[in-house]
1. Return the residues of segment 662-678 that are open to solvent by 80 Å² or more (accessible area, probe 1.4 Å) and not hydroxyl-bearing (Ser, Thr, Tyr); say none if nothing qualifies.
2. Only residues that are of a type in the set (Gly, Ala, Ser) and under 30 Å from LEU536 (Cβ atoms): list them for segment 433-485, please.
3. State which residue is least open to solvent (accessible area, probe 1.4 Å) when the search covers only segment 401-427 and only residues that are modelled with pLDDT under 90 and more than 24 Å from LEU476 (Cβ to Cβ).
4. Could you grab me the full set of residues in segment 30-70 that are more than 35 Å from the chain's Cα centre (by Cα), open to solvent by 10 Å² or more (accessible area, probe 1.4 Å) and under 16 Å from GLY92 (Cβ atoms)?
5. Can you tell me which residue is modelled with the lowest pLDDT among those in segment 633-652 that are buried (at least 20 other Cβ atoms within 10 Å of the Cβ) and closer than 16 Å to GLU664 by Cα?
6. Tell me which helices (runs of 4 or more DSSP H) are completely within segment 74-141 and hold 2 or more residues being modelled with pLDDT under 80 and surrounded by fewer than 19 Cβ atoms within 10 Å (Cβ to Cβ), or say none if there are none.
7. Which members of segment 160-195 meet the condition of being open to solvent by less than 10 Å² (accessible area, probe 1.4 Å) and of a type in the set (Ser, Thr, Tyr)?
Amino acid sequence: MSAVSAPVLDASRFAYLKPRDVARVAEAYRFSDAAHAGQTRQSGEPYISHPLAVAEILAGWHLDGQALQAALLHDVMEDTSVTKDEISDTFGKPVAELVDGLSKLDKIEFQSAEDAQAENFRKMLLAMARDVRVILIKLADRLHNMRTLDAVPPAKRRRVARETMEIYAPIANRLGLNELFHELQELAFSHMFPLRYRVLVKATRNARGNRHELVGKIEAAVKAKLAEARIEAAVSGREKHISSIYRKMIEKHLSFSEVHDIYGLRVVVKDVPTCYLTIGALHGLYKPVPGKFKDYIAIPKTNGYQSIHTALIGPYGVPLEVQVRTESMHRLAEAGVASHWMYKDDAASLNELQKKTHQWLQSLLEIQSQSGDSQEFLEHVKVNLFPDEVYVFTPKGRIMSLPRGATAVDLAYAVHTDVGNRCVAAKVNGELVPLRTELRNGDRVEAITTGYAKPNPAWLQYVRTAKARSNIRHFLKTMQYEESAALGERLLEQALKGYGVTLADIGEANWERVIRETVGLTKVELLADMGLGKQLPAVVARRLVLRAEGEAKPHAKAASVVIRGTEGMAVQLASCCRPIPGDAIVGSIKKGQGLVVHTAECRHIARSRRAQPEAWIDVEWDRQPTRLFQTSIKVMVANERGVLAKVASAIAEAGSNIDSISMEEDRSVYTTMLFVVEVANRAHLARVMRSIRRLSEAKKLLRVRE
């Protein structure tokens, strides 16, 4: 044991438990104390002081005996030789599972510290999805670590504080642990920006002295007004947190003296109807600020929070924030999901909160199943933890909660994954809008779907929800893999023709030999790798036709790969030269991109074709392509009124669609327009250009090759 005596377990803190559970908690304390014997914290205290403090925080939330035992044991697997089986044998499997969910993955080697951190978060969050007590213990653990962070070196202090601000505080907020959320934010801010924190604390203290009398008068006036209206209420003043003041200063570019709403009032009443009566009385006392009224009772936040918020203009023009709620709403606002253990009388509100929490936890499992790695999973979770929300309605009147900045695509995925995947357009309040349109509170949103639609990679640039982001990426990865495998098969077929054989002629024995040589890839994975440029089809073809008597040699020219234009992401038409059917074309396999097709005369590839001729393959257009292709044309026209409409009409008459238009900024007698149009082939493009040339205003016309 260390020189400093270990703290003693105070059984009175756990008096809400049954005597049998208290005895098990005491046993867990003795077990943990023995396991951590000789270990100290960086402050010099015996290590057991930390798990004991975590257990006491949880006891304040009235968590059950199993959670308290796990809290006392949460570091024994990580820091001592105790195993999960030993914990299971002594304290039972549920406690062992909780401890395992909290233990870091120190035994596994990662590429970087970021990967290790992301994997630890992934494991913890997935354990939390199975049992929410995991995250409650972890949050209590983080709270005690933050309270004692002064003992660690400054660099680690800042890293832990940033991690708390980015991950743990938002999780506490998402679970409705309001009091914990604010304390974590305050502690994190004080360690990330210690000088700024001290300056703001001093400024707030000075302001408190200057405004104390005014706030007291406002509070007295509010109490008198409510008494006059015969409303029984508990009125209390509250001071804005330092981190909240700082965030407001940064977001709105204000100095401290310009942040007036440092103080607010909280009014707690007996029932919901009284909440609205109270708001009416307060609006009669002081004028409300337009646009600052928020009714979270009618539409609760996703973490179950309910309250009415209003902003008033008090005496001398001082802004005042007021929150009105019932007693049960107040308890829920402070304790969140932990109130499941603390208060058994609020059954209805707790059931709703548990349902929302369960839905969020299940969404974590869904995101995990679609994420490629831990970093990607952590990114999705961070996106999902943004606290600001908008509330929109589906056509059937269902209320959907989305992060601020969410788009119609986010709404489509929130309704159902298939709706998101098949979404082609959206209506907001009955009007067609672009899919990237940001939604606002109260919007009525309808996602329009078709059976042939599929996600667009461009959606990833503007979606806000983790569910939308992960589903889009999952779909694109799956689609790219399938399309790459199909392209790989075509490339291999082309290479095999050079040896006078077809894919059907290759026996299973040859396939098995090649697969063994490619580090255990399956046949489909090998084909996909060829489509993505990770394996050379010519090399694979040579290995497939290799005979025992010697090296196989090509004896015929390989056939060209046919380009249909419908291959999806596995085949890309180069944007530098925009090839269309009828153009002479060549292709190259780019690693990770698949087959990229250029026109044969494209200047961007001339040097590469001379230096690496083996990297280029013969490609040709399908005789009857079934889609339209984009190409660019430049038109010089007389700068007259209505000329753009005439050119656009000529293009439409030739059966072509305009994808985009740009014009030169320097316009005089003549102006130059650049159109990106959709055509079936070169013959179709020629018809479009003839249609434009008939216009008397058209002076010069050419296809843009580069």
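The values are calculated or read from the model by the stated rules, or taken from the named source; none is laboratory data. In this text, all values refer to a predicted model and were calculated from it rather than measured experimentally. A quick note on method: Cβ atoms are made from the backbone with ideal geometry, for glycine too, and the neighbour counts reach across all protein chains shown. The area values use the complete protein model at the heavy-atom level, side chains included, leaving out ligands, DNA and RNA. Shrake-Rupley method; radii C 1.70, N 1.55, O 1.52, S 1.80 Å.
1. GLU664, GLU665, ASP666, ARG667, VAL669
2. SER484, ALA485
3. Restricting to residues being modelled with pLDDT under 90 and more than 24 Å from LEU476 (Cβ to Cβ), the top hit is SER401.
4. Of everything in segment 30-70, just one residue is more than 35 Å from the chain's Cα centre (by Cα), open to solvent by 10 Å² or more (accessible area, probe 1.4 Å) and under 16 Å from GLY92 (Cβ atoms), namely PHE31.
5. VAL637
6. The helices (runs of 4 or more DSSP H) meeting that bar are 113-130.
7. Listed by number, the residues that qualify are THR164, TYR168.
The rows are residues; the columns are (1) more than 20 Å from the chain's Cα centre (by Cα); (2) more than 21 Å from GLY451 (Cβ to Cβ).
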| site | (1), (2) |
| --- | --- |
| PHE393 | yes, yes |
| LEU402 | no, yes |
| GLY405 | no, yes |
| ALA408 | no, no |
| ASP418 | no, no |
| ASN421 | no, no |
| VAL424 | yes, no |
| LEU432 | yes, no |
